[in-house]
Amino acid sequence: MDRVVICVGTSHPGNVGAIARGAKNFGVSALCFVAPRCDIHSEEALNRSVHAKDLLLAATVHDDLADALHGTSLAVATSARQTTADNRFLRKPLDVRDWAEGLAGWDGTLALVFGREDSGLTSEEVNLCDQLVTVPTSDYASLNLAHAVTLLSYEAMRVEAANITPERSLDPDTLAAMHAGWDDIVDSVETRPWRKEVSRGIFRKIIGRSLPSDYEVHNVMGIFGNVLKRFDHPRWRTDASSRLVHEQGLVAPRADEEE
């Protein structure tokens, strides 16, 4: 899916540069400006574009939106204005996340159309587009133009981008060993049976929600092991660790030894 950003009546060169930068971050292939009210290649615009200067320098300028839309497959207008009236169906924008999910598996040239900083798109310009999208906001609905471009560009890219979250695997024996280590710590510091039971259950739920990896569990286990050696715990101590903690007076009394 090719993505093109079309900005109508842009008036601030700083926004122009930031638009280019956000678009470049998320794979936009071309920029178009319709009747811009500033020099899109000004020094300020180029400086704000940073490493997206090539995208900005290649941007085209058009007299009207219809001309800029030529050659695109699907045009998506953006708007902060909403309505729930049934007879205003042209002004019923899709939530941006719902809209983006609908792009999954679709191929073509997608035009993301943004309006003026002060007044957005006109009704006539919206009517030239195939879809209308809005971004859910709090009390203040109008987004900065460059922020809107960046957000929509990201959402459009997200549906086809490869997942970069690292895979995490966890061996069941590793998790069981960590639970056993925690149980030994609980036994070393707590004598109340009800407290032991609650602590063991809560710990397992916390770890279950976090979905740790083998590497993460092994790191935690290293700390658990050092703690239990301080208690000279029979399942964790070694000859060297016992000698060291006794020589340095580091042995912590276990809860069942304090009574």
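The values are calculated or read from the model by the stated rules, or taken from the named source; none is laboratory data. Small disclaimer: the values here were computed from a predicted structure and weren't measured. No Cβ is skipped: glycine too gets one built from the backbone with ideal geometry, and neighbour counts run over all protein chains shown.
Worth pointing out:
- Qualifying residue in region 118-136 (condition: at pLDDT below 90, outside the structural domain of Gly105 (by TED's automatic domain parsing), under 30 Å from Asn15 (Cα atoms) and outside any helix (DSSP H, G or I)): no
- Pair list, Cβ under 7 Å, 6 or more apart: region 45-72 residue charged (D, E, K, R), other residue assigned to a strand (DSSP E or B): Asp64/Val34
- Within region 162-174, the set of residues being surrounded by fewer than 16 Cβ atoms within 10 Å (Cβ to Cβ) and over 13 Å from the mean Cα position of the chain (by Cα) comprises Ala162, Pro166, Glu167, Arg168, Ser169, Asp171, Pro172, Asp173.
- Of the set (1) at pLDDT below 90; (2) closer than 30 Å to Met1 by Cα; (3) surrounded by 15 or more Cβ atoms within 10 Å (Cβ to Cβ), all apply to Met157 but (1).
- The criterion of at least 2 residues that are farther than 14 Å from Ala20 by Cβ and modelled with pLDDT under 90 is met by the following helices (runs of 4 or more DSSP H) wholly inside region 32-113: 96-101.
- One residue from Ser241, Ser199 being more than 12 Å from Met178 (Cβ to Cβ), in a helix (DSSP H, G or I) and at pLDDT 90 or above: Ser199
- Exactly one residue among Gly22, Gly27 is on the phi > 0 side of the Ramachandran plot and either part of a loop (DSSP other than H, G, I, E, B) or modelled with pLDDT of 95 or more (or both), and that residue is Gly27.
- Residue check: Tyr140 meets all listed conditions (1) closer than 30 Å to Asp39 by Cα; (2) modelled with pLDDT of 90 or more but one, namely (2).
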